[in-house]
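Inspection log for the structure reproduced underneath, given as structure tokens.
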Amino acid sequence: AVTGPPAHPLVPERLTLRRFLGMMVQTVEPQLYPAAALVELIPLWLRFLDVRQLVAAEVLHEARAELAGLEEELAPVWHDSGDAVLIRNLLDAGERPAN
């Protein structure tokens, strides 16, 4: 699906990010740990943008709402890894406060 231009070049958009993560984990040699690191760091990235006032607060609020639940959406991939720490960290990432 075509999503149009992002709200801001520094703010990830769910469909594009989901597609990118899908390419990382659905290959002959899945890149689970880099994909997991990216998912875990998204809330921190959005907080950095907010603290530095690089993006309008409204845009960040919308991005947080749009990206909420991405960890759970990818849960089957994390569970297939068999790595309990990876699974716990990723699922906990979605529960961490934004600020």
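Just to confirm the number: angle between the C-alpha axis of helix 84-93 and the first principal axis of the chain, 0 to 90 degrees, nearest 10?
Result, in degrees: 20.
At a 1.4 Å probe radius, carbon and sulfur cover how many percent of the accessible area of the chain?
Working: 3790 of 6290 Å².
Percent of accessible area from carbon and sulfur atoms in the chain: 60.
Can you work out D for the chain in µm² s⁻¹ from Stokes-Einstein, where Rh is the Kirkwood radius over C-alpha pairs, the temperature is 4 °C and the viscosity is 1.567 mPa s? Walk me through the intermediate numbers first.
On the way: Rh = 14.1 Å.
Using the Kirkwood radius from Cα pairs, D works out to 92 µm²/s.
Please work out whether segment 1-54 counts as rounded, prolate or oblate from its C-alpha gyration tensor, where a ≥ b ≥ c are the square roots of the eigenvalues and a/c under 1.5 means rounded, while otherwise a/b larger than b/c means prolate and anything else oblate?
Here segment 1-54 falls in the oblate category.
With a 1.4 Å probe and all protein chains left in place, how much accessible area per residue does the chain have, in Å²?
So the chain comes to 64 Å² accessible per residue, rounded to a whole number.
The values are calculated or read from the model by the stated rules, or taken from the named source; none is laboratory data. These numbers were taken from a predicted model, which means no experiment stands behind them. Side chains are part of the model used for accessible areas, which takes the heavy atoms of the whole protein and leaves out ligands, DNA and RNA. Shrake-Rupley method; radii C 1.70, N 1.55, O 1.52, S 1.80 Å.
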